[in-house]
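Scroll down for the structure; my scribbles are underneath it.
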Amino acid sequence: MMDIHQILKQLPHRYPFILVDRVLELDKGKRIVALKNVTINEPFFMGHFPHRPVMPGVLMLEAMAQAAALLAFDTLGTTPDDKTVYYFAGIDNARFKRPVEPGDQMVMTVTLDRMKAGIFKFSATTHVGKDLACEAQLMCTMRSVG
């Protein structure tokens with residue numbers, strides 16, 4: 001398990017872009033289960049959409065990528081520094097099955113499928129309760145900057 005304080009030590013993201021609140025399970029090199037509590041206070045709800053607030057799909061993908069980054073850092077036994085950036089390299093087969101609304105709790109399960117030449121490939125799902133909300137294959141890479 002990992003609480004928000006440990007997550008903030010691993011991820012460079014900060015409010016309003018930190019999209020993982022807690023890690024429930026972490027199986028080194030294999031799988032992570034993380035959660036995001038979605039509240040009406042999220043800044044994107046003001047404009048998406050004022051009459052019917054729903055979480056943008058790209059932010060659901062970003063939340064899964066942040067969970068994937070935590071898995072990648074744990075797998076490598078590293079902590080990112082100011083000279084390392086973790087980027088999306090690709091998103092395949094993204095599907096959105098259910099809107100995520102204020103009050104929902106997103107449970108993201110990310111599995112490491114492959115790690116080769118600095119490219120990580122993950123399978124990711126997000127559930128709200130028993131309902132599948134989002135699924136995708138994510139490819140990410142770490143690059144040195146500066």
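Working only within region 10-45, note down all residues that are surrounded by fewer than 11 Cβ atoms within 10 Å (Cβ to Cβ) and not in a loop (DSSP other than H, G, I, E, B).
Hit for region 10-45 is P43, nothing else.
Search region 27-51 for residues being in contact (Cβ under 8 Å) with a residue 60 or more places away in the chain and small (G, A, S), and hand back the single one that is nearest to I4 (Cα to Cα).
So in region 27-51, the residues in contact (Cβ under 8 Å) with a residue 60 or more places away in the chain come out as 29-40, 42.
Restricting the remaining residues to those that are small (G, A, S) gives 29, 34.
Numbers: G29: 21, A34: 11 Å.
In this case the residue turns out to be A34.
Restrict the check to region 51-58 and report whether at least one residue is among the small types (G, A, S) and either at positive phi or surrounded by fewer than 14 Cβ atoms within 10 Å (Cβ to Cβ) (or both). Lay out the reasoning, then the answer.
Of all residues in region 51-58, those among the small types (G, A, S) come to 57.
After this cut, where a residue has to be either at positive phi or surrounded by fewer than 14 Cβ atoms within 10 Å (Cβ to Cβ) (or both) as well, the list is none.
No.
Tell me, which strands (runs of 3 or more DSSP E) wholly within region 66-131 include 2 or more residues that are surrounded by 12 or more Cβ atoms within 10 Å (Cβ to Cβ) and touching an Asp or Glu at 6+ places or on another chain (Cβ under 6 Å)? Break it down into steps so the answer makes sense when it comes.
Working: elements: 84-96, 105-116, 119-128.
Fully inside region 66-131 and qualifying: 119-128.
Which count do you get for residues in region 1-10 that are touching a residue at least 60 places away in the same chain (Cβ under 8 Å) and over 18 Å from V38 (Cβ atoms)? So that I can check it myself, show each step before the final result.
Restricting attention to region 1-10, the residues satisfying the condition of being touching a residue at least 60 places away in the same chain (Cβ under 8 Å) are 2, 7, 9-10.
Restricting the remaining residues to those that are over 18 Å from V38 (Cβ atoms) gives 2, 9-10.
Number of matching residues: 3.
Does D21 satisfy the condition of being acidic (D, E), free of Cβ contacts under 8 Å to residues at least 24 places away in the same chain and under 17 Å from G129 (Cα atoms)? Walk me through it before giving the result.
On the way: acidic (D, E): yes; free of Cβ contacts under 8 Å to residues at least 24 places away in the same chain: yes; under 17 Å from G129 (Cα atoms): yes.
Considered against the rule, which asks whether it is acidic (D, E), free of Cβ contacts under 8 Å to residues at least 24 places away in the same chain and under 17 Å from G129 (Cα atoms), D21 comes out as yes.
Look through region 52-111, keep the residues that are out of contact with any strand residue (DSSP E or B) (no Cβ under 7 Å at 6 or more places or on another chain) and touching a residue at least 60 places away in the same chain (Cβ under 8 Å), and return whichever of them is farthest from V23 (Cα to Cα). Give the steps one after another, and end with the answer.
Here is the first cut: in region 52-111, the ones out of contact with any strand residue (DSSP E or B) (no Cβ under 7 Å at 6 or more places or on another chain) are 52-56, 58-59, 62, 66, 73, 76-79, 81-82, 99, 101-103.
So of that shortlist, the ones also touching a residue at least 60 places away in the same chain (Cβ under 8 Å) come out as 73, 79, 82, 101-103.
Numbers: F73: 13, T79: 16, D82: 23, E101: 21, P102: 20, G103: 19 Å.
Here the answer is D82.
Please indicate, with yes or no, whether at least one residue in region 14-21 is of a type in the set (D, E, K, R), at pLDDT below 95 and under 15 Å from the mean Cα position of the chain (by Cα). Give the steps one after another, and end with the answer.
To start, the set of residues in region 14-21 that are of a type in the set (D, E, K, R) comprises 14, 21.
Subset that is at pLDDT below 95: 14.
Next cut, under 15 Å from the mean Cα position of the chain (by Cα) only: 14.
Yes, the conditions are met somewhere in region 14-21.
Just the residues that are part of a strand (DSSP E or B), surrounded by fewer than 20 Cβ atoms within 10 Å (Cβ to Cβ) and in contact with an Asp or Glu (Cβ under 9 Å, 6 or more places away or on another chain), please, taken from region 132-146.
Scanning region 132-146 gives Q137, M139.
The values are calculated or read from the model by the stated rules, or taken from the named source; none is laboratory data. Note that this is a predicted model, so its numbers are computed, not measured. In this analysis, Cβ positions are derived from the backbone assuming ideal geometry, glycine residues included, and neighbour counts consider all displayed protein chains.
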